[in-house]
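The values are calculated or read from the model by the stated rules, or taken from the named source; none is laboratory data. Being a predicted model, the structure only gives us computed values, none of them experimental. Cβ placement follows ideal geometry from the backbone for every residue including glycine, while neighbour counts extend to all protein chains displayed.
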Amino acid sequence: MTRGLRSDAGFTLTEMVVVLSLIGFVLAAAYGAQTVIARGAQTSERQAFMSREVGAPLEYAERVLIQQWNIDKAAPGVTPYRVKVQADTDTDDVTEEYVFEARPDGTLVIESREGAAPFRSAVWSTNNRNVATGTPLLRFLRSDGSEIPTAELAQVYSDAYGVEVTIVTEYDGRQLSSTRRITFRNR
């Protein structure tokens, strides 16, 4: 019987170490890439949340409040968490009414109607923390930029030249907020 040049003795220790090292390197690279992808996805998710829960309502409030010509005095009136205004944002000479309100149940609600139509209610956030943290949704400002105190909100109708809108929310156990200062054009 002739023996061939090959032996069925198996792998040498050196070959096993090289193969295991290569497998370890590939697994470490895959784990690192997975970690980077997960962090990027988490950052994208947080940015989308902030845009939806804070950015979009702030943009909408600015678009309406900058053009408002009347702050409604009707009950329940103006509070640090609620305001009702009249405007004509689409310039069709039909009065529009808007109510911006942060509620104790954690919702941020914006109601609107045009003319005599019934109010439409839109819940912009179910994660609102303004009331829970005691952070006013609305801080009304005088022409000199000073804040109108809560005790003097009855004068908002005649004294306010602007407003600061602050939206507070919570994401992944962290409190997030953003503020926008809006000067009324029609004052």
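For segment 124-163, enumerate the residues that are outside any helix (DSSP H, G or I), surrounded by fewer than 16 Cβ atoms within 10 Å (Cβ to Cβ) and either over 24 Å from the mean Cα position of the chain (by Cα) or among the acidic types (Asp, Glu) (or both).
If the condition is that a residue be outside any helix (DSSP H, G or I), surrounded by fewer than 16 Cβ atoms within 10 Å (Cβ to Cβ) and either over 24 Å from the mean Cα position of the chain (by Cα) or among the acidic types (Asp, Glu) (or both), then Arg142, Ser143, Asp144, Gly145, Ser146, Glu147, Pro149, Tyr161 are the ones that fit.
Scanning for something farther than 17 Å from Ile182 by Cβ, outside any loop (DSSP other than H, G, I, E, B) and not aliphatic (A, V, I, L, M), does segment 93-102 turn up at least one residue?
Looking through segment 93-102, at least one residue is farther than 17 Å from Ile182 by Cβ, outside any loop (DSSP other than H, G, I, E, B) and not aliphatic (A, V, I, L, M).
Give the residue, chosen from Arg52, Arg46, that is touching an Asp or Glu at 6+ places or on another chain (Cβ under 9 Å), surrounded by 10 or more Cβ atoms within 10 Å (Cβ to Cβ) and not β-branched (Val, Ile, Thr).
The match here is Arg46.
Could you please find all residues in segment 41-76 being closer than 19 Å to Thr183 by Cβ, β-branched (Val, Ile, Thr) and modelled with pLDDT under 90?
none
Name, by its number, the condition in (1) in contact (Cβ under 8 Å) with a residue 40 or more places away in the chain; (2) under 25 Å from the mean Cα position of the chain (by Cα); (3) under 17 Å from Leu138 (Cα atoms) that does not hold for Gly77.
Answer for Gly77: the failing condition is (2).
Within the bounds of segment 169-177, is there any residue that is of a type in the set (Val, Ile, Thr) and within 30 Å of Ala48 (Cβ to Cβ)?
Yes.
Taking the options Arg174, Arg120, name whichever one is surrounded by fewer than 13 Cβ atoms within 10 Å (Cβ to Cβ) and touching a Ser or Thr at 6+ places or on another chain (Cβ under 7 Å).
Arg120
For Leu108, only one of the following conditions fails: (1) within 14 Å of the chain's Cα centre (by Cα); (2) surrounded by fewer than 12 Cβ atoms within 10 Å (Cβ to Cβ). What is its number?
Of (1) within 14 Å of the chain's Cα centre (by Cα); (2) surrounded by fewer than 12 Cβ atoms within 10 Å (Cβ to Cβ), only one is false for Leu108: (2).
If you go through segment 77-111, how many residues are among the polar types (S, T, N, Q) and modelled with pLDDT of 95 or more?
Summing the residues that are among the polar types (S, T, N, Q) and modelled with pLDDT of 95 or more in segment 77-111 gives 1.
Can we say Val168 is over 16 Å from Val78 (Cα atoms), hydrophobic (A, V, I, L, M, F, W, C) and in a strand (DSSP E or B)?
So Val168 passes the test.
Restricting the search to segment 58-76, which residues are closer than 17 Å to Val131 by Cβ and in a loop (DSSP other than H, G, I, E, B)?
Matches in segment 58-76: Pro76 only.
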